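The values are calculated or read from the model by the stated rules, or taken from the named source; none is laboratory data. Everything numeric here is computed off the predicted structure, so don't read it as measured data. Cβ sites come from the backbone with ideal geometry, for glycine too, and all protein chains shown count toward neighbours. Side chains are part of the model used for accessible areas, which takes the heavy atoms of the whole protein and leaves out ligands, DNA and RNA. Shrake-Rupley method; radii C 1.70, N 1.55, O 1.52, S 1.80 Å.
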There are 2 protein chains.
Amino acid sequence: MPMKELNKYTADEYIKALTEFHGNFAPGLFIGGFMVAAAIRRMGEYEIFDAICESTACLPDAIQMLTPCTVGNGWLKIIDTGRFAITLYDKKSGNGVRVSLDPQKLDRFPEIKNWFFRLTRKQEQDQEKLIHEIQSAGENAFTIRNVTVSRALLGKHDRGRIAICESCGEAYPEEECGLCRACQGLEIYSKLSRVG
Amino acid sequence: MPMKELNKYTADEYIKALTEFHGNFAPGLFIGGFMVAAAIRRMGEYEIFDAICESTACLPDAIQMLTPCTVGNGWLKIIDTGRFAITLYDKKSGNGVRVSLDPQKLDRFPEIKNWFFRLTRKQEQDQEKLIHEIQSAGENAFTIRNVTVSRALLGKHDRGRIAICESCGEAYPEEECGLCRACQGLEIYSKLSRVG
C-alpha cells in the first residue's frame, strides 16, 4: 500500500495503515487524517510544504503518514501548544492552512465530543459509532484558517560545526561552553555503563 | 513490505523504505537503522519498550520505522541533547540500552567520519562508498551502554481535563491561568484568518 498518498486510501485502508504505524487504533489519528486531508486540499498551489503540529498526541503520526513531512527530516515541527491543530505551509513565505478540531462545533457530534473532552471512559466508548461519526462529520467539525507562520520559524538554521563535548566525549553541534546539552544539565539517565 | 520488522529488511530494502518514509536517502537514517538494530538485539528480555532519541535529525525516523515507538503514540520521546544516540528502555524500570555513534572510533571509517563531522560537502560525498562503509562497520562504529532512564522521564502523566482557552476558544489540556500555551505567548503565526 502506498504511503503518503491519502487519496489512495479508503477509510478502512487508512485505519489498517494507521494501526500498523501507530501500534493501535486511535480516534485522534483517524480524525487527524481528515484534518491533514482538509489542509492538503487547500495547499494545491504548493508542490512541497512544511508542517507544524500543535499537539504531541496522535496528530504527528497523521502528518507523518500522509505527507512527506517527518520529525526526522525536519519538515515537521512539533510546537506543543496543547491545541488539536495542524498547519501545512510554504516554507519560504510561511503562507499556509491551519486546521483545528473546533470544540464549538461538536454539539452535533456527540461521540466525537465525548471522546475529545474525555467525557466517557475509553472502555465505554462505542468505537464503531465514533468512527462512523468522524467520517460523516468530515470538515464540519473543523475550523480552517489561512495563516502565515512567523518568520522566526521559517528557514533552515545553519547546523554549524560538530564538536566533541569536553565532558562526555560525544559529538554534538558546537556551543560556546564546550559542553553538549546533556552535560550542561539535561538529565536523561540515572545510570550509564559501557558494554561495547 | 512489513514495517517495524528490521530483520525482514535487507539493506537494500531498508534503503528503499527509508527513502519512501523520509523523502530522500539520508546517511544518518541508514546508520540509524543499524543503531536501532543493535539496541533491539540487546532488549531481548523485554517484549515492549519505549524509546528516547537525543537528536532531531534523521534518528527519530529510524526509530519510528523500525520499532512500534512513534512521536504520536508517545512511546518515542525526543530529548534534543544534540548527541547522535538512541535509547530503548523498559518503561517500568527504566532499564535499557543506549547506542551512540562514537567519534573516537571513526578513524577506521573515513567516509563515515567525513559525513558525520561534515568534512566533505554533500555534493562531494561518495554515497556508494559511504553506504558500503556503514554496512561493513556495523556495531564497530558504536558505543553501546546499559542505562537506566531517570525516574522523572518514566510513566504516563495523567492528561487531566480538557478546557476551553479563554482567549482563542480552542480546547487544550487545562492549566491554571485559563489560557492555552499559544495564548500564553508561544507565538506561531503572524497572521491567522478564518476560512471555514
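Within the range B:134-148, track down each residue that is within 13 Å of chain A (Cβ to nearest Cβ) and open to solvent by 70 Å² or more (accessible area, probe 1.4 Å). Don't jump to the end; show me each part of the working.
First, pick out the residues of the range B:134-148 that are within 13 Å of chain A (Cβ to nearest Cβ): B:138-148.
If the condition is that a residue be within 13 Å of chain A (Cβ to nearest Cβ) and open to solvent by 70 Å² or more (accessible area, probe 1.4 Å), then B:Asn140, B:Asn146 are the ones that fit.
Return a yes/no flag: does the range A:167-176 have any residue that is within 27 Å of the chain's Cα centre (by Cα), open to solvent by less than 50 Å² (accessible area, probe 1.4 Å) and under 30 Å from B:Arg42 (Cβ atoms). Explain how you work it out, then say what you get.
Start the filter on the range A:167-176 by keeping residues that are within 27 Å of the chain's Cα centre (by Cα), which leaves A:172-173.
Now restrict to residues that are open to solvent by less than 50 Å² (accessible area, probe 1.4 Å): A:172-173.
Filter again for under 30 Å from B:Arg42 (Cβ atoms), leaving A:172-173.
Checked against the condition, which is being within 27 Å of the chain's Cα centre (by Cα), open to solvent by less than 50 Å² (accessible area, probe 1.4 Å) and under 30 Å from B:Arg42 (Cβ atoms), the range A:167-176 yields at least one hit.
Just the residues that are of a type in the set (Gly, Ala, Ser) and within 7 Å of chain A (Cβ to nearest Cβ), please, taken from the range B:95-123.
Just the residues of the range B:95-123 that are of a type in the set (Gly, Ala, Ser), to begin with: B:96, B:100.
Selection gives B:Ser100 alone.
Here is a list: A:Ile131, A:Ile78. Which entry is more than 13 Å from chain B (Cβ to nearest Cβ), farther than 19 Å from B:Ile164 by Cα and not acidic (Asp, Glu)?
Numbers: A:Ile78 fails: more than 13 Å from chain B (Cβ to nearest Cβ).
Of the residues listed, the single one that is more than 13 Å from chain B (Cβ to nearest Cβ), farther than 19 Å from B:Ile164 by Cα and not acidic (Asp, Glu) is A:Ile131.
Would you check if there is a residue in the range A:121-138 being among the polar types (S, T, N, Q) and modelled with pLDDT of 95 or more? Outline the logic, then answer.
The first filter runs over the range A:121-138 and keeps only residues among the polar types (S, T, N, Q), leaving A:123, A:125, A:127, A:135-136.
With the extra rule that they be modelled with pLDDT of 95 or more, the set shrinks to none.
No, the conditions are met nowhere in the range A:121-138.
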Practice problem: Consider only pairs whose beta carbons are under 8 Å apart and that are at least six residues apart or on different chains; among these, list those whose first residue lies in the range A:115-140 and is on the phi < 0 side of the Ramachandran plot and whose second residue is at pLDDT 90 or above and open to solvent by 90 Å² or more (accessible area, probe 1.4 Å). | Solution: A:Ala137/A:Arg108; A:Asn140/A:Arg108
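Just need a number here: residues in the range A:42-70 that are away from chain B (no Cβ under 11 Å) and at pLDDT 90 or above.
Within the range A:42-70, residues that are away from chain B (no Cβ under 11 Å) and at pLDDT 90 or above number 5.
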Quiz prompt | Residue check, B:Phe109 in the same structural domain as B:Ala137 (by TED's automatic domain parsing), touching a residue at least 24 places away in the same chain (Cβ under 8 Å) and within 19 Å of B:Thr143 (Cβ to Cβ) | solution = yes
Quiz item: Does A:Thr87 meet the test of being in contact with an Asp or Glu (Cβ under 6 Å, 6 or more places away or on another chain) and assigned to a strand (DSSP E or B)?
Solution: no
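For every residue, the table says whether it meets (1) surrounded by fewer than 18 Cβ atoms within 10 Å (Cβ to Cβ); (2) of a type in the set (S, T, N, Q).
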{"site": "A:Pro60", "(1), (2)": "no, no"}
{"site": "A:Cys69", "(1), (2)": "no, no"}
{"site": "A:Gly82", "(1), (2)": "no, no"}
{"site": "A:Gln104", "(1), (2)": "yes, yes"}
{"site": "A:Pro110", "(1), (2)": "yes, no"}
{"site": "A:Trp115", "(1), (2)": "no, no"}
{"site": "A:Lys122", "(1), (2)": "yes, no"}
Exercise. Answer yes or no as to whether B:Leu29 is under 20 Å from B:Glu133 (Cα atoms) and facing another protein chain (nearest Cβ under 7 Å).
Key: yes
Quiz item: Considering only the range B:18-39, how many residues are touching a strand residue (DSSP E or B) at 6+ places or on another chain (Cβ under 7 Å) and open to solvent by 10 Å² or more (accessible area, probe 1.4 Å)?
Solution: 0
Practice problem: Just give me the residues in the range B:155-166 being at pLDDT below 90 and either crowded, with 16+ Cβ neighbours inside 10 Å or over 30 Å from B:Arg194 (Cβ atoms) (or both), in sequence order. | Solution: B:Gly155, B:Lys156, B:His157, B:Asp158
Quiz item: Given the conditions (1) touching a helix residue (DSSP H, G or I) at 6+ places or on another chain (Cβ under 6 Å); (2) open to solvent by less than 10 Å² (accessible area, probe 1.4 Å); (3) at pLDDT 90 or above, which single one is not true for A:Asn73?
Solution: (2)
Quiz prompt | Residues (open to solvent by 10 Å² or more (accessible area, probe 1.4 Å) and within 25 Å of A:Ala171 (Cβ to Cβ)) located in the range B:84-95 | solution = B:Phe84
